[in-house]
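The values are calculated or read from the model by the stated rules, or taken from the named source; none is laboratory data. Keep in mind the model is a prediction, meaning the values are calculated, not measured. Note: ideal-geometry Cβ built from the backbone for every residue, glycine included; neighbour counts use all protein chains shown. To get the accessible areas, we keep the full protein, side chains included, count just its heavy atoms, and leave off ligands, DNA and RNA. Shrake-Rupley method; radii C 1.70, N 1.55, O 1.52, S 1.80 Å.
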Amino acid sequence: MRVLVIGSGGREHALAWKLSQSPEITKLFCAPGNGGINEIAEPVDISAEDVDALTEFAESKDIDLTIVGPESALAKGIVDAFEKRGLRIFGPSKAASRLEASKVFSKNLMKKYHIPTGQFAVFDEPQAARSYVRQLGVPIVVKADGLCGGKGTIVAHTLSEALGAIDLLMEDKIFKQAGERIVIEERLVGEEVSFMVITDGVTAVPLLPAQDHKRLHNGDKGPNTGGMGAYAPAPAMTPELTAQVMEQVIHPTIRALAGEGIAFKGVLYAGLMLTGDGPKVLEYNVRFGDPEAQAILPMLKSDLVPLLDDCVEGRLSTAKVEWHKGSCACVVMASGGYPGDFQIGKEIQGLESLKNSKDVWAFHAGTKRDGDRVVTWGGRVLNIVATGPDLETALKRVYDAIAGIRFEGMQFRTDIGFRALKKPVAT
Ligand code: AMP
Ligand code: GLY
């Protein structure tokens, strides 16, 4: 099978790494790829958002299956474009991608179909939004409707923060049309879990629950980032909670979309808050989480290709999925200054030592090959990932590996998994 992966991050490196182990793969491409992916997949110099060029490439190269990493391509309708040409692609349609691309759409859907989520109101006019915030008080959450690269949500602890967020989104329009409409939502309290399933619109196959760490600094402090680390399975998500979420969130969401005439195929990701009042949906994503995928895919014992293939063909009810025992941890190494301004082009040293490891991997994100050297080429640079019989061992392997890697200005969190380590790890 000739397979194309779309994207250039750590998630896509983990996907390409897992796919490359499948005996079903005869040729693997990645568009556009990065310094690590390009070692295992042939790079294609097309941006992940250039739907027309990607469609043409897939057609001309007889690609049998395409797997989409980032949401931007999905929201642009890459799946519809491929399917129109009879090309097989893993991911939801443009209409189904609205679950992630429009918070107004997803919140209204949850309300209509009684899927547990925080109370909210929608505004397209700043004055009304301000009055609402003044009336409800803080803490309160202000969210841009559209895609903002993970930066469109502000959890406000003071009134001036909340009013400032409304100004930034609706008056200064820092995210352009994405912030023209906003959702104002009650603040939920609890532990967060990233819960993903692969679904063909009827059957939903759960992946291991994961937890990511979005904040830059230890103790979940500092600014939000694209994710500084993750681990799986997340013990907070007990088997009972998993069953509850499947029954109260996942299946109702798939049915709700069907009720609106929308079939969902691909990864359905529910970002959950485990509140005292049960699990509630914070957000949906319509693709693999990053960095969650980097911590989940090494735990997958089964071949990924038949699973994705069964999803595309609508026969997931017969799919069999096996997981390795133990845990997997991922720690992100980022450029100095990230998520603000940072420099690129810094040489990365020490990666060779991981080449032959069986349980530690460096999944690349913002890297580029420059002759024999690998240099930094983005904010999040590397995902150091390890498996182990338990989370503690996996984390020790990750941090031992990090001790041998160097690039100027590098920063990473030293406390990934801290919540889970306080609890007995589920077996
Ligand atoms: P979102 O943009 O909806 O994915 O939210 C990004 C992050 O903001 C989440 O991962 C949570 O940490 C936080 N967040 C979002 N909504 C809420 C909420 N209603 N209450 C508390 N925290 C929230
Ligand atoms: N880690 C969160 C996301 O992928 O959106």
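What shape does the range 180-294 have by the C-alpha gyration tensor, where a ≥ b ≥ c are the square roots of the eigenvalues, rounded means a/c under 1.5, and otherwise prolate means a/b greater than b/c and oblate the rest?
Prolate, since a/c reaches 1.5 and a/b exceeds b/c.
Which order do peptides 5-18, 221-234, 185-198, 311-324 fall in by mean Cβ count within 10 Å, highest first?
So the order, starting with the most tightly packed, is 5-18, 221-234, 185-198, 311-324.
Which order do the peptides 349-359, 40-50, 244-254 take when ranked by the mean count of other beta-carbon atoms within 10 Å per residue, highest first?
Going by the mean number of other Cβ atoms within 10 Å, highest first, we get 244-254, 40-50, 349-359.
Express in nm, to one decimal, how much length is gained between I40 and L168 on full extension, taking 0.36 nm for each residue of separation and deducting their alpha carbon distance.
Result: 41.8 nm gained on full extension.
Putting +1 on Lys and Arg Cβ atoms and -1 on Asp and Glu Cβ atoms, find which of V381, L4, I250 reaches farthest to the positive end of the dipole of the chain.
Farthest towards the positive pole: I250.
Take every DSSP beta bridge with both residues inside the chain and express the antiparallel ones as a percent of the total, to the nearest 5.
80 percent
Take each uninterrupted DSSP H stretch in the chain, measure its Cα extent along the helix axis, and return the ones at 18 Å or beyond whose mean Kyte-Doolittle hydropathy is at least 1.6.
Sorted by number, there is nothing, because no helix extends far enough and scores high enough.
Only helical DSSP H runs with n ≥ 4 go in: add -39500 (n - 2.57) per run for the chain, normalise by residue count and round the 222 nm mean residue ellipticity to 500 deg cm²/dmol.
Computed ellipticity for the chain at 222 nm equals -7500 deg cm²/dmol.
Cβ neighbours within 10 Å, averaged per peptide: list 125-135, 385-395 in order, most packed at the top.
Most protected by this proxy first, the peptides run 385-395, 125-135.
Using a probe of 1.4 angstrom, how much of the accessible area of the range 145-238 is carbon and sulfur, in percent?
54 percent
Taking 0.36 nm per residue of separation and subtracting the Cα-Cα distance, what length does fully extending D52 through Q135 add?
Extra length from D52 to Q135 when fully extended: 25.1 nm.
With +1 on the Cβ of every Lys and Arg and -1 on the Cβ of every Asp and Glu, and nothing else charged, how large is the dipole of the range 232-293 about its Cα centre, in debye rounded to the nearest 20?
It works out to roughly 180 debye.
Ignoring ligands, DNA and RNA, what percent of the 1.4 Å accessible area of the range 353-425 is carbon and sulfur?
Carbon and sulfur together cover 51 percent of it.
Dipole of the chain, Cα-centred, from +1 at each Lys and Arg C-beta and -1 at each Asp and Glu C-beta, to the nearest 20 debye?
600 debye
Please name which of G150, L136, T203 has its Cα lying farthest along the dipole of the chain towards the positive end, using unit charges on Cβ (Lys, Arg +1; Asp, Glu -1) and the Cα centre as origin.
Value: L136.
Going by the alpha-carbon gyration tensor, a ≥ b ≥ c the square roots of its eigenvalues, is the range 1-76 rounded (a/c under 1.5) or, if a/c is not under 1.5, prolate (a/b greater than b/c) versus oblate?
Taking the square roots of the gyration eigenvalues as a ≥ b ≥ c, the range 1-76 is oblate.
Rounded to the nearest 0.05, what FRET efficiency do Y399 and E313 give with R0 = 45 Å and r taken as the Cβ-Cβ distance? Could you check?
0.60
Give me the percent relative contact order of the range 279-427, please, defined on Cα pairs under 8 angstrom at least 6 residues apart.
Relative contact order for the range 279-427 comes out at 27 percent.
Per residue, how large is the accessible surface of the chain? Use a 1.4 angstrom probe and give square angstrom.
Per-residue accessible area for the chain comes out at 41 Å².
Checking the cross-link filter: which aspartates and glutamates have an alpha carbon closer than 16 Å to that of K355, excluding same-chain neighbours under 8 positions apart?
E39, D372, D400
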